[in-house]
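Enquirer: This is the structure I have questions about; it appears just below.
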Amino acid sequence: MTAITIAIVDDHPLFREGVSRTLSEIDDFVVVGEGASADDAATLAASHGPDVLLLDVSMPGGGIDAVSEILARSPQTKVLMLTASEEVESLVTALRRGAAGYLVKGIGSRGLAEAVRTVVGGSWFVSPSMRAKMVEKSLFVGRTSLTPRELEVIELVAEGLSNKHIGRRLNLQEKTIKHHMTEILSKLGASNRTEAAIRWRQRA
């Protein structure tokens, strides 16, 4: 089993140390470094190239502002925001900058491990409470409203799931998901699912 390497950057030592200890107890997780600022995050990205870098939003240098620099120094690193901020604007900005996910502090160890594995696997991960806020703010897109089911589908598309996996998650046939996607693409004025996901995130 290949180990997943993780770096943690947060300016609260007790919290950072607790997260590090929790993750270190998981067999295939290896914490390779810790830091307390945006500069530390960039340095860790360059020196260790971790698979995942957990990053606070509010810290010296600004966590969101550090995302671009982290990815410039280590393009393969998945940046996972871990923050107390429940502002949708912070979430959307972080994702636009290239973050792979957004977690609200208070998440349990099991949820944190799931998030790490999800982003390493190539999908986005957003805390359920924040996903709900994004859906709430996206009830009306442009001149045409998305139905509740279409909102569920586009949310899962934005997480990186395929039609097949969305169907399994929602207990629907794949052809039904394809139908919903056709409607979503039309309403969002998008030519493909990637463009639709980006447009949906931008309007959140």
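Enquirer: Which value at 222 nm does the chain reach when only helices count, each DSSP H run of 4 or more adding -39,500 (n - 2.57), with the total divided by all residues and rounded to the nearest 500 deg cm²/dmol?
Expert: The helix contribution divided over the chain gives -16500 deg cm²/dmol.
Enquirer: Based on the alpha-carbon gyration tensor of segment 1-54 and its eigenvalue square roots a ≥ b ≥ c, which shape applies: rounded if a/c is under 1.5, prolate if not and a/b is larger than b/c, or oblate?
Expert: Oblate is the answer for segment 1-54, as a/c is 1.5 or above yet b/c matches or exceeds a/b.
Enquirer: What net charge is computed for the residues neighbouring ILE64, neighbours being all others with C-beta under 12 Å from the C-beta of ILE64, Lys and Arg scored +1, Asp and Glu -1?
Expert: That sum, taken over residues with Cβ under 12 Å, equals -3.
Enquirer: Now a separate question. Please give the charge dipole size of the chain, origin at the Cα centre, charges +1 on K and R Cβ atoms and -1 on D and E Cβ atoms. Round to the nearest 20 debye.
Expert: So the dipole magnitude of the chain works out to roughly 1120 debye.
Enquirer: Follow-up question, since we're still on this one. With a 1.4 Å probe and every protein chain kept in, tell me what percent of the accessible surface of the chain is carbon plus sulfur.
Expert: Within the chain, the accessible surface is 48 percent carbon and sulfur.
Enquirer: How much net charge surrounds GLY49 when only other residues with a Cβ under 13 Å from its Cβ are counted (Lys, Arg +1; Asp, Glu -1)?
Expert: Net local charge, GLY49 excluded: +1.
Enquirer: Ordered by packing density, taken as the mean number of other Cβ atoms within 10 Å over each peptide's residues, highest first, how do 4-16, 170-182, 112-124 rank?
Expert: 4-16, 112-124, 170-182
Enquirer: Show the residues, 5+ positions off or on another chain, whose built amide H is closer than 5 Å to the amide H of ILE4.
Expert: Here the answer is PHE29, VAL30, since their amide H atoms fall under 5 Å of that of ILE4.
Enquirer: Calculate, for the chain, the solvent-accessible area per residue in square angstrom, rolling a 1.4 angstrom probe over the heavy atoms of the protein chains.
Expert: I get 49 Å² per residue for this part.
Enquirer: Between the DSSP loop rule and a limit of at most 15 other Cβ atoms within 10 Å, which GluC sites (Glu not before Pro) in segment 1-82 are left?
Expert: Hits after loop and neighbour filter: GLU25.
Enquirer: Further, regarding this structure: Are any of the pairs LYS164/LYS187; LYS78/LYS133; LYS133/LYS187; LYS133/LYS175; LYS105/LYS164 more than 25 Å apart by Cα-Cα distance, and if so, which?
Expert: Pairs exceeding the cut-off: LYS133/LYS175; LYS105/LYS164.
Enquirer: Separate question: Aspartates and glutamates within cross-link reach of LYS178: Cα-Cα under 19 Å, excluding same-chain residues under 8 positions apart?
Expert: GLU150, GLU152, GLU155, GLU159, GLU195
The values are calculated or read from the model by the stated rules, or taken from the named source; none is laboratory data. Everything numeric in this text was worked out from a predicted model, so none of it was measured. Neighbour counts are summed over all protein chains in view; Cβ atoms, including those assigned to glycine, are modelled from backbone coordinates with ideal geometry. Please note that ligands, DNA and RNA were not included when accessible areas were found on the heavy atoms of the full protein model with its side chains. Shrake-Rupley method; radii C 1.70, N 1.55, O 1.52, S 1.80 Å.
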